[in-house]
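Contents: one structure, followed by commentary.
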Amino acid sequence: KNEVEQSPQNLTAQEGEFITINCSYSVGISALHWLQQHPGGGIVSLFMLSSGKKKHGRLIATINIQEKHSSLHITASHPRDSAVYICAVNGNQFYFGTGTSLTVIP
Amino acid sequence: NAGVTQTPKFQVLKTGQSMTLQCAQDMNHNSMYWYRQDPGMGLRLIYYSASEGTTDKGEVPNGYNVSRLNKREFSLRLESAAPSQTSVYFCASKVGGGQPQHFGDGTRLSIL
């Protein structure tokens, strides 16, 4: 069983496009995290959300607690945004989605 | 600003060999974690340590042991490596509660 589901699994976009990655979860949580993993493997935390919306540069993350759903948006996408984006939730432990592999083509 | 440091970055072992993966953090975090990442699967928790002196099993603990040596260091040991343990291993730490985890760069382990 997957406590965290992400869609799409793979995404290819042209530079400049608006991108949305979705995350649904099935457990009670105290927080939801969006992580970025670049080729070469390092993982960095982009956002931690417990409600509402957060914005950092061209990245926007939203969460709907009632619907158990979160979205990560990238505006004006750039090739350097190419990475795997991972949704993770804080339940009684951390649960991770399998990631969305994003490729942005110049 | 080291953050979470894992060593080694790469390792090749033969079946049956043992080895210890090292992890150290310099952020005075209470909680530390070991995960494995396999193709097509999310990160899976092997063991964690909520605080110095405590360790607990995660989702996939079989074949592994851990030691929380002090607040900074949390090591993962494979006593008798098996090909199924070929994976990328990540160490992470956090202050506590719902705070974000900080990840190391990973250790790529291949077992032949």
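Every read-out reported here was derived from the displayed coordinates using simple, explicitly stated rules and does not represent laboratory data. Not measured: the values here are computed from a predicted model. Here the Cβ is made from the backbone with ideal geometry for all residues, glycine too, and neighbour counts use every protein chain on show.
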query: If the viscosity is 1.002 mPa s and the temperature 20 °C, what translational diffusion coefficient in µm²/s does Stokes-Einstein give for the protein assembly as shown when Rh comes from Kirkwood over Cα pairs?
result: 120 µm²/s
statement: In a Gaussian network model of chain A with springs linking alpha carbons closer than 10 Å, the residue among A:PHE96, A:PHE18, A:PHE47 that fluctuates most is A:PHE18
query: Over the range B:1-106, what relative contact order in percent results from Cα pairs under 8 Å that are six or more residues apart?
result: 34 percent
message: What does the charge count around B:ARG44 come to, taking other residues whose C-beta lies under 9 Å from its C-beta (Lys +1, Arg +1, Asp -1, Glu -1)?
response: -1
Local electrostatic count at B:MET32 - Lys and Arg +1, Asp and Glu -1, tallied over other residues with Cβ under 10 Å: +2
task: Count, for each residue of A:87-100, the Cβ atoms from other chains sitting within 10 Å of its Cβ, then give me the mean as a whole number.
output: 4
Reduced Cα scattering model of the range B:28-75, Debye log10 I(q)/I(0), q = 0.32 Å⁻¹: -1.18
field: Tensor-based shape of the range B:40-104 (alpha-carbon gyration tensor, a/c under 1.5 rounded, otherwise prolate or oblate)
entry: oblate
statement: Least to most buried among B:GLU73, B:GLU79, by other C-beta atoms within 10 Å and fewest first, runs B:GLU79, B:GLU73
field: Rounded to whole Hz, the Karplus (6.51, -1.76, 1.60) HN-Hα couplings of the range A:84-100, x for glycine and proline
entry: 9, 10, 10, 9, 9, 10, 8, x, 6, 8, 7, 10, 10, x, 7, x, 10
field: Projected area averaged over orientations for chain A, convex hull of C-alpha atoms, nm²
entry: 6.3 nm²
